[in-house]
Amino acid sequence: MLLKAGVDISRLHRPVRRVLGTLERLYPDFIITSTYEGTHSPPSLHYAHDAIDVRPVTAAGKQVDPDVVRDALGPSFDVVPERTHIHIEYDPKG
């Protein structure tokens with residue numbers, strides 16, 4: 001796992017921290033590009049420490065597949081492909 005300069009994972013809540021291990025098993029050299037820092041929409045779960053953004057191409061050139069990530073994380077997580085990254089947030093329903 002790599003971190004973009006300035007990214008801080010220390011405040012992430014436990015369910016999101018567990019995601020990091022799953023992502024590392026799927027894509028050993030993925031890059032976290034944002035947690036709470038940066039500019040996000042006001043209701044963003046980034047500010048609640050329940051979301052991360054990851055770069056869609058790993059250093060080895062392997063594409064991060066949102067569907068594979070979604071299946072691995074289960075229904076408590078939203079996995080949203082964006083133009084420059086994949087947004088992953090802990091958002092349990094019900």
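Explain nothing, just compute: Karplus ³J(HN,Hα) = 6.51 cos²θ - 1.76 cosθ + 1.60, θ = phi - 60°, for every residue of the stretch 9-14 in order, whole Hz, x for Gly and Pro.
9, 5, 8, 4, 6, 3
Just the number please: accessible area per residue for the chain, 1.4 Å probe, all protein chains included, in Å².
57 Å²
Hey, any idea what % of the chain's accessible area is carbon plus sulfur with a 1.4 Å probe?
54 percent
May I ask you to evaluate 6.51 cos²θ - 1.76 cosθ + 1.60, the Karplus curve with θ = phi - 60°, for each residue of the stretch 65-82 and list the ³J(HN,Hα) values in order in whole Hz, giving x for glycine and proline?
The phi angles translate into 8, x, 5, 5, 5, 4, 5, 6, 8, x, x, 7, 10, 9, 10, 10, x, 10 Hz.
Around residue 69, what is the net charge, scoring Lys/Arg as +1 and Asp/Glu as -1 over all other residues with Cβ under 14 Å from its Cβ?
-3
The values are calculated or read from the model by the stated rules, or taken from the named source; none is laboratory data. From a predicted model like this one, the values you see are computed outputs, not experimental measurements. In this analysis, Cβ positions are derived from the backbone assuming ideal geometry, glycine residues included, and neighbour counts consider all displayed protein chains. Side chains included, ligands, DNA and RNA excluded: accessible areas come from the protein's heavy atoms. Shrake-Rupley method; radii C 1.70, N 1.55, O 1.52, S 1.80 Å.
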